[in-house]
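Participant: Take a look at this one; I'll ask things after.
The values are calculated or read from the model by the stated rules, or taken from the named source; none is laboratory data. Since this is a predicted model, take the numbers as computed values, not measurements. Neighbour counts run over all protein chains shown; Cβ positions are idealised from the backbone, glycine included. Surface areas here come from the heavy atoms of the whole protein model, side chains and all, with no ligands, DNA or RNA. Shrake-Rupley method; radii C 1.70, N 1.55, O 1.52, S 1.80 Å.
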Amino acid sequence: STADDAPCATHLPFLVDGDATSMTLRAHMARANGQWRHLTERESLVIFLGPHAYVSPRWYETRDNVPTWDYMAVHAYGRARIVDTPAGVLDILERLSALYEAGTKDPWRMDDLNPTKREGFIRAIVAFEIPVSRVEASYKLSQNRSITERRRVAAELLRGGFTSIAQAIERS
């Protein structure tokens with residue numbers, strides 16, 4: 001978002017509700033983070049960064065090239081709305097916790113907090129939702145290189161442990 005005409009960003013986990021035709025993003029941030037005061041003023045941009053990695057010119061057929069960065073990202077745009085009902089805030093918190101606690105042996109739940117502490121935490125955050133008005137996918141997967149060089153880049157990335165981006169290059 002912007003605050004006083006300057007870009008403003010906070011790294012947050014988001015819930016993604018809906019589908020490509022009707023999507024809403026939901027999240028929260030600390031009330032102490034002043035960015036929330038500006039969320040509803042203009043359109044916001046939420047960036048979901050996928051796999052990414054440095055690509056060395058050493059991996060091409062000749063070294064007469066420059067380094068680059070291969071990546072995958074999704075940009076979602078929309079105008080935020082503050083969620084100000086305790087039930088709405090609690091829903092976002094419970095769903096985010098459940099998402100990230102999924103698959104653990106003994107998942108933590110909001111009910112694990114004593115009610116007074118839970119209410120204090122809820123007051124200390126600002127929940128919001130962003131109905132998405134448009135989505136842009138962006139990627140660079142060495143598609144400007146020959147098949148031979150793309151395979152070489154993917155093999156080097158795989159060797160370096162960058163499995164996801166290597167596999168995406170191989171599939172592209």
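Participant: Please report the carbon-and-sulfur percent of the accessible area for the range 82-172; probe 1.4 Å, protein heavy atoms only, DNA, RNA and ligands left out.
Facilitator: So the carbon and sulfur contribution to the accessible surface is 53 percent.
Participant: So, counting K/R as plus one and D/E as minus one, what does the shell of residues with Cβ under 12 Å around THR85 add up to?
Facilitator: -2
Participant: On to the next question. So with the 1.4 Å probe, I'd like the accessible area per residue for the range 120-172, rounded to whole Å².
Facilitator: Here the per-residue accessible area is 58 Å².
Participant: I've got another one for you. Can you give me the angle between helix 147-159 and the longest principal axis of the chain, using Cα atoms only, in degrees from 0 to 90, rounded to the nearest 10?
Facilitator: 60
Participant: Which GluC sites (Glu not before Pro) in the range 55-112 sit in a loop by DSSP (not H, G, I, E or B) and have at most 10 other Cβ atoms within 10 Å of their own Cβ?
Facilitator: Hits after loop and neighbour filter: nothing returned.
Participant: Could you list which residues have their amide H under 5 Å from that of VAL83, counting only those 5 or more apart in sequence or on another chain, with H placed in the peptide plane?
Facilitator: The answer is ALA127, PHE128, GLU129.
Participant: So with the 1.4 Å probe, I'd like the accessible area per residue for the range 8-70, rounded to whole Å².
Facilitator: Counting only protein heavy atoms, the per-residue value for the range 8-70 is 62 Å².
Participant: Here's a follow-up. If you take the square roots of the eigenvalues of the alpha-carbon gyration tensor of the chain and sort them as a ≥ b ≥ c, do you get rounded (a/c under 1.5), prolate (a/b over b/c) or oblate?
Facilitator: Prolate.
Participant: Given 5 Å bins starting at zero, what is the percent of C-alpha pairs of the range 31-112 in each, up to the one with the largest pair distance?
Facilitator: 3, 10, 10, 12, 15, 13, 12, 8, 6, 6, 4, 1, 0
Participant: What list of ³J(HN,Hα) values in whole Hz, one per residue of the range 24-41 in order, does the Karplus curve 6.51 cos²θ - 1.76 cosθ + 1.60 (θ = phi - 60°) give from phi, with Gly and Pro shown as x?
Facilitator: Ordered by residue, 3J(HN,Hα) equals 10, 9, 10, 7, 8, 9, 5, 4, 5, 7, x, 4, 4, 5, 10, 4, 8, 6 Hz.
Participant: To continue, here is another question. Give me the net charge of HIS52's neighbourhood, meaning all other residues with Cβ under 13 Å from the Cβ of HIS52; Lys, Arg count +1, Asp, Glu -1.
Facilitator: 0
Participant: At what distance in angstrom do the alpha carbon centres of the range 1-58 and the range 97-122 lie from each other?
Facilitator: First find each Cα centre; the distance between them is then 24 Å.
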